[in-house]
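Colleague: One structure is given below, represented as structure tokens, and several questions about it will come after.
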Amino acid sequence: MAKKGAVLKLTIDEGGDRCRIVAEFESSEREIEVAMLPEDFRRNLGPLQEAILQCPAARSTQVPLRPRIESPPEPPAADTRPALRDAGGILAGGSDERMVQEIGSQLFDFVFQRQVLELYEKCFEAKKNVEPLLIRLRVKHPGLSYVPWETLYDKKHRFYLTTSQNTPFIRTIEDDRDLRGNGTSRPIRILGMAARVKVLNGIVLDQIEVDAEQVAIKKALGDLDDGKRMKLSWIPSAKARDLNRRFLRGDEGRRWDIFHFIGHGGHDPVRGMGFIVVQEESGSRGARLYADDLRGFLTQPGQTPRLVILNSCSGAQGEPGSLFSSTAAELIQGGVTAVIAMQFEISDNMGVAFAETFYTYLVERIPLQAALAHTRAELKARQFGEWISPVLYMRGLDGEIFVDGGAS
């Protein structure tokens, strides 16, 4: 587990027409001003995003709105990269890997410059192979909320910060508070909600392999799901009112520790807010449950879960100009200790693989950031381009949100 002192805190803020980057480690602090990312940076993310969107059963409510292209357009003559994916949606020939490295290297060079780079090198060398160096990123600059920081790539040491146990990585949206686990009575209670919605606003949605993901979670929990150490329950329906009432009642009065959502999600540019798709009250069609309403359901007095997992697309995607537009940030602001959400659309295969892999590591009772680093590394090794999609927002530093408090 990362110790309290092994934390490199990074803050990116506005500085006129430039950016101000502050790095803190123990008693050392460095501050620099840097030029903004190039104007074409966001546009250059397009090929990477498209590569992820090509997954065969993406969980996006926007997918049906895009025209189905039978044959992908020919790349520009200057671009000799091979096809991004094969027929199964798996990475082809490392083409996505090259794009991720290019973007991650550019972001690393943007953040780690001059004195900030010197401090990073100093604390990295001091902690390497001794204890993890937690990288804690707070992006206060509203124009940079869209950036996929999980791609950060250290060219000198040849590794991604977010897949390494040497540098577990979290995002935060508020002032630093070193929150520690207060003790969790056993069993750890997990409440799941699976939205088998087929139509939203007249649009046919891609089918999601809900049953496969539920089986994957059950398999990952294994013998621990015995009602004494861990207890997994599912809401029978996917209606908003049932979610609200289950959180109000808890599990025989006890708070749910984890909420896991399976389904579609997205971002409404008109309202500037994220949403998940639940079942309408009077039928089987879909309805949007916006982030502010979801926050109200999940953050009831005495019933707020410690961890929320949104295994849907775009759950972590913010809108430039509003740092609190994403569903994940909304929940953190409401008092949830940690939220894992997806910043890109993901395929069904990714959704199932992520759930099985993450819970396998979570039951080892290691810090959240370490469990997610293990998960990203494994998904990357299995050639899931979507390994960059999971984002961990967290309040506090240690990630040990399930401190054993004994049997209930």
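The values are calculated or read from the model by the stated rules, or taken from the named source; none is laboratory data. None of the values given here were measured: they were computed from a predicted structure. Counting neighbours? That spans all protein chains shown, and the Cβs are built from the backbone with ideal geometry, glycine included.
Colleague: What are the pairs with Cβ atoms under 6 angstrom where one residue, in segment 281-306, is within 17 Å of Val197 (Cβ to Cβ) and in a loop (DSSP other than H, G, I, E, B) and the other, located anywhere, is at pLDDT below 90 and not basic (Lys, Arg)? Sequence gap at least six, or different chains.
Modeller: Arg285/Val199
Colleague: Taking segment 148-175 as the region of interest, how many residues are in a strand (DSSP E or B) and of a type in the set (Ser, Thr, Tyr)?
Modeller: Initially, segment 148-175 is screened for residues in a strand (DSSP E or B), giving 153-154, 159-160, 169-172.
Checking the rest, the ones that are also of a type in the set (Ser, Thr, Tyr) come to 153, 160, 172.
So the count comes out to 3.
Colleague: Follow-up. Among the residues of segment 375-385, what is the count of those that are surrounded by 20 or more Cβ atoms within 10 Å (Cβ to Cβ), in a helix (DSSP H, G or I), touching a residue at least 60 places away in the same chain (Cβ under 8 Å) and not basic (Lys, Arg)? Give the steps one after another, and end with the answer.
Modeller: Step one: list which residues in segment 375-385 are surrounded by 20 or more Cβ atoms within 10 Å (Cβ to Cβ), which gives 375-376, 379, 384-385.
When the remaining residues are screened for being in a helix (DSSP H, G or I), the result is 375-376, 379, 385.
Checking which are touching a residue at least 60 places away in the same chain (Cβ under 8 Å) leaves us with 376, 385.
The next check asks that each one be not basic (Lys, Arg); those that pass are 385.
Result for segment 375-385: 1.
Colleague: Can I ask one more? Given (1) of a type outside the set (Asp, Glu); (2) over 18 Å from Thr162 (Cβ atoms); (3) at pLDDT 90 or above; (4) in contact with a strand residue (DSSP E or B) (Cβ under 8 Å, 6 or more places away or on another chain), where does Gly406 come up short, assuming only one miss?
Modeller: Unmet condition: (3).
Colleague: Could you tell me which residue of segment 183-225 is nearest to the chain's Cα centre (by Cα), considering only residues that are free of Cβ contacts under 8 Å to residues at least 24 places away in the same chain and either assigned to a loop (DSSP other than H, G, I, E, B) or surrounded by 18 or more Cβ atoms within 10 Å (Cβ to Cβ) (or both)? Steps first, answer last, please.
Modeller: Of all residues in segment 183-225, those free of Cβ contacts under 8 Å to residues at least 24 places away in the same chain come to 202, 211, 215, 218, 223, 225.
Applying the additional criterion that residues be either assigned to a loop (DSSP other than H, G, I, E, B) or surrounded by 18 or more Cβ atoms within 10 Å (Cβ to Cβ) (or both) yields 202, 225.
Working: Gly202: 29, Asp225: 25 Å.
The selected residue is Asp225.
Colleague: Related question: Do you know which of the residues in segment 354-365 that are touching a helix residue (DSSP H, G or I) at 6+ places or on another chain (Cβ under 8 Å) and modelled with pLDDT under 90 is nearest to Leu392 (Cα to Cα)? Before the answer, list the steps.
Modeller: Start the filter on segment 354-365 by keeping residues that are touching a helix residue (DSSP H, G or I) at 6+ places or on another chain (Cβ under 8 Å), which leaves 354-364.
From the residues that got through so far, the ones that are modelled with pLDDT under 90 too are 362-364.
Working: Leu362: 14, Val363: 17, Glu364: 18 Å.
Taking the candidates together, the pick is Leu362.
Colleague: Please verify whether segment 325-334 includes one or more residues that are surrounded by fewer than 24 Cβ atoms within 10 Å (Cβ to Cβ) and without any contact (Cβ under 8 Å) to a residue 40 or more places away in the chain.
Modeller: Yes, segment 325-334 contains at least one residue that is surrounded by fewer than 24 Cβ atoms within 10 Å (Cβ to Cβ) and without any contact (Cβ under 8 Å) to a residue 40 or more places away in the chain.
Colleague: Same structure, new question: Given the criteria of a type outside the set (A, V, I, L, M), at pLDDT 50 or above and surrounded by 17 or more Cβ atoms within 10 Å (Cβ to Cβ), does Thr61 qualify?
Modeller: Working: of a type outside the set (A, V, I, L, M): yes; at pLDDT 50 or above: no; surrounded by 17 or more Cβ atoms within 10 Å (Cβ to Cβ): yes.
When the stated conditions are applied, Thr61 does not pass them.
Colleague: How many of the residues in segment 15-35 are modelled with pLDDT of 85 or more and surrounded by fewer than 16 Cβ atoms within 10 Å (Cβ to Cβ)? Spell out how you get there, then give the answer.
Modeller: Keep residues of segment 15-35 that are modelled with pLDDT of 85 or more, which gives 17-35.
Narrowing the set further to residues that are surrounded by fewer than 16 Cβ atoms within 10 Å (Cβ to Cβ) leaves 17-18, 26-29, 31, 33, 35.
Total meeting the criteria: 9.
Colleague: While we're looking at this one, here's another question. Report the residue count in segment 294-306 for those that are crowded, with 17+ Cβ neighbours inside 10 Å and within 16 Å of Ala328 (Cβ to Cβ).
Modeller: Of the residues in segment 294-306, 8 are crowded, with 17+ Cβ neighbours inside 10 Å and within 16 Å of Ala328 (Cβ to Cβ).
Colleague: Could you list, in sequence order, all residues of segment 241-270 that are aliphatic (A, V, I, L, M), out of contact with any helix residue (DSSP H, G or I) (no Cβ under 7 Å at 6 or more places or on another chain) and crowded, with 16+ Cβ neighbours inside 10 Å? Break it down into steps so the answer makes sense when it comes.
Modeller: Narrowing segment 241-270 to residues aliphatic (A, V, I, L, M): 243, 248, 258, 262, 270.
Add one more test, that the residue is out of contact with any helix residue (DSSP H, G or I) (no Cβ under 7 Å at 6 or more places or on another chain), and what stays is 248, 258, 270.
The one that is aliphatic (A, V, I, L, M), out of contact with any helix residue (DSSP H, G or I) (no Cβ under 7 Å at 6 or more places or on another chain) and crowded, with 16+ Cβ neighbours inside 10 Å: Ile258.
Colleague: Which of the residues belonging to segment 262-276 are within 13 Å of Ser326 (Cα to Cα) and either of a type in the set (S, T, N, Q) or in a strand (DSSP E or B) (or both)?
Modeller: Matches in segment 262-276: Gly265, Gly266, His267, Asp268, Met273, Gly274, Phe275, Ile276.
Colleague: Another one. Residues being of a type in the set (A, V, I, L, M) and modelled with pLDDT under 95: count how many of those fall in segment 109-134.
Modeller: Adding up the residues that qualify gives 4.
Colleague: Any idea which of (1) within 30 Å of Glu356 (Cβ to Cβ); (2) modelled with pLDDT under 90; (3) in contact with a Pro (Cβ under 9 Å, 6 or more places away or on another chain) is the one Glu319 doesn't satisfy?
Modeller: (1)
Colleague: For residues that are surrounded by fewer than 21 Cβ atoms within 10 Å (Cβ to Cβ) and either in contact with a helix residue (DSSP H, G or I) (Cβ under 6 Å, 6 or more places away or on another chain) or touching a residue at least 60 places away in the same chain (Cβ under 8 Å) (or both), tally how many sit in segment 155-170.
Modeller: Just the residues of segment 155-170 that are surrounded by fewer than 21 Cβ atoms within 10 Å (Cβ to Cβ), to begin with: 155-159, 164-166.
In the following step, the residues that additionally are either in contact with a helix residue (DSSP H, G or I) (Cβ under 6 Å, 6 or more places away or on another chain) or touching a residue at least 60 places away in the same chain (Cβ under 8 Å) (or both) were identified as 155, 164-165.
Residues flagged as surrounded by fewer than 21 Cβ atoms within 10 Å (Cβ to Cβ) and either in contact with a helix residue (DSSP H, G or I) (Cβ under 6 Å, 6 or more places away or on another chain) or touching a residue at least 60 places away in the same chain (Cβ under 8 Å) (or both) within segment 155-170 amount to 3.
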